[in-house]
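To start, the structure under review is shown below, and the notes come after it.
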Amino acid sequence: MAGPNGEPHVPPGEEGDEDGFGEAEYAAINSMLDQINSCLDHLEEKNDHLHARLQELLESNRQTRLEFQQQLSEGENLQADVQEPEPDI
């Protein structure tokens, strides 16, 4: 009788060495997958942290640019006031 994937059904306790994988090989593969998963989790955490820091930097740069533009605008207004001739009375 075939298993769910069309593979032959192997009763419990019998070794299915025809595919070349035993318990040790599956345990090793499972361990490697766990390590890969841990690495990917770590990378995702680093990515999230970097994204948050970049968002902070972007907001800081926006704020600095707005302040600089305001100072520049105020400086131009002061210069215009100084250069305007006073009306003769």
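Where a number appears in this text, it was derived from the coordinates with a stated rule and is not lab data. Computed from a prediction, not measured in an experiment: that's the story for all the values here. Here the Cβ is made from the backbone with ideal geometry for all residues, glycine too, and neighbour counts use every protein chain on show.
Expressed in whole Å with the largest first, what are the equivalent ellipsoid semi-axes of region 22-82 derived from the C-alpha gyration tensor as the square root of 5 times each eigenvalue? Walk me through the numbers on the way to the answer.
Details: eigenvalues 684, 5, 3 Å².
Ellipsoid half-lengths, sorted descending, are 58, 5, 4 Å.
Just subtract the alpha-carbon distance of residue 58 and residue 38 from 0.36 nm times their residue separation and send over the number in nm, one decimal.
Result: 4.2 nm gained on full extension.
Once both labels are modelled 7 Å past Cα along the beta-carbon direction, what's the residue 28-residue 74 spacing in nm?
Taking the simple label geometry, residue 28 and residue 74 are separated by 7.1 nm.
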